[in-house]
Amino acid sequence: MSVNKILFLSVFIFSMSLLSGCKQIKAISAPELSQTCIGEDPKFSIEFFKTNNQGDKYTKGINHVIIFNPQSPALDFKVNVGLSHKLYAQDARGKIRKEYVPKQFQEIISDQNATLDGLQPIAAINADYIDTDNQPQGLNISRGVEYSGAFKNRRSSFGISGGKPQERKATIQAGKRAANILNYNLVGGNGRFYRQGKFKDICEDLGEFACRQATNRSMAAITNKGYVILLVNDSKANSNIDFSPINQELVPDKFDDVLEGIARNNCLGKIQEGMLFDGGMSPGLYYNQKIYVENFGPIGSVFLIYKKPK
C-alpha cells in the first residue's frame, strides 16, 4: 500500500473518531426534552415555575408563576378575607358577619378560614385592595358568600365558577356576572389590560406611581383554552435573582411579552383576559408549603387553590 493511501486512511479514521466522540458528547450534554406540553396534557392540574420577562422558564427568574386548569377534578378553590371571626359566620339575625381586621399575606393564607374541607391550600395569591376600615374594596365572593366593598361594580374581578369540575370557568370582568354560577369564587383587583384578546398598555390609567415606581406586580390572565396564569413579579427580590435586561421589573407595556411567552411555551392558547391585583406593598405568592413572595402591607383578599389527595 502506498504512503499516500496509508496517510489518507489514517486521517479518515482519526476524523471518524472525532465525529463519534462529538456525537457522544452531544448526546450526554443535551438530554431529550419532554414531548408533552402542559396545555396538551388532559390530566394537567397545576404547576409552579419561575420565568424571565419573555416567559421563558428560568430558575433565577423574577416572575413567580402558577398555571392551572380550573376544570381539573383534582383542584378546588376558595376566597379568604381578613376577618376577626369564622368565614361565613352569621349573627343572631342570620345576617353574615363582616368584622374586618387587617391581615398580611402570611396570616390570611394560614388562619382558620384558609382551610377547605380540612385541606390546607396548595397555592395562594394576593388579590384585592383594602380600605382604611380594613374592608376589601372590590368584588369578593367566597363560595357564594359576598365580602365586597365600595368599588365592587366598577373594578374588575377574577373568579372561578361553581358547578362540577368539568363545568368550571375562569372569568375576568367588572361587576357581577349575568349567570349566578359564575359568581361563586371572585376576588377584586384593578387595572384590566387584556379584554377579549386585545392588549392595552394601562400605564396612563394606573398613574405615574403605580406605573413606574410601585413596580411589584401581581396579576391573573385567562387563555382561550380556559387555562389560568397567576404571576407575581418581585422587583424587590433578593440576590438569587439575575437582574439581566429581560429579567427585571415589569412595566405595563411589557405585560403581554411575559404572559404570551408563558402561554406559548406551555401550549396554553392565546391570552384573552388579564388584570392586576393589588401591587406595591401587597403582592404575595405561595405554592406547596413555601411563600415565594411576600410584602408587608395588609391585603383585602386572597385567592386560594386546593389539591385533593389521590
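The values are calculated or read from the model by the stated rules, or taken from the named source; none is laboratory data. Note that the structure is a prediction, hence the values are computed from the model and not measured. Cβ placement follows ideal geometry from the backbone for every residue including glycine, while neighbour counts extend to all protein chains displayed. Just the protein is used for accessible areas: all its heavy atoms, side chains included, with ligands, DNA and RNA removed. Shrake-Rupley method; radii C 1.70, N 1.55, O 1.52, S 1.80 Å.
Per-residue Karplus couplings for the stretch 275-287, computed as 6.51 cos²θ - 1.76 cosθ + 1.60 with θ equal to phi - 60°, are listed in order as 8, 8, 9, 4, x, x, 8, 10, x, x, 9, 10, 8 Hz, Gly and Pro entered as x. Rolling a 1.4 Å probe over the heavy atoms of the protein chains gives the chain an accessible area of 52 Å² per residue. Computed with every protein chain present, the accessible area of residue 270 is close to 140 Å² [probe 1.4 Å]. Listed by chain and number, the aspartates and glutamates whose C-alpha is less than 13 Å from the C-alpha of residue 176, apart from same-chain residues fewer than 8 away, are 146. Taking Cα atoms only, the orientation of helix 3-29 departs from the longest principal axis of the chain by about 10 degrees. Determine the sum of side-chain charges near residue 221: Lys and Arg each +1, Asp and Glu each -1, restricted to other residues whose C-beta is under 10 angstrom from that of residue 221. Net charge in that neighbourhood comes out at -3. When GluC sites (Glu not before Pro) are flagged only if DSSP places them in a loop and at most 13 other Cβ atoms lie within 10 Å, the longest unflagged stretch of the chain comes out as 100-310. Past 22 Å, Cα to Cα: identify those pairs from 200/254; 86/164; 254/290; 50/236; 98/169, in the order given. From the list (200/254; 86/164; 254/290; 50/236; 98/169), the Cα-Cα distance tops 22 Å for 86/164; 254/290; 98/169.
Among (i) 22.6, 86; (ii) 28.0, 89; (iii) 24.1, 109, which one is Rg and Dmax of the Cα atoms in Å computed from these coordinates? Structure-derived value, by its label: (iii).
Residue separation of residue 212 and residue 106 scaled by 0.36 nm, minus their Cα-Cα distance, works out to 35.5 nm of gained length.
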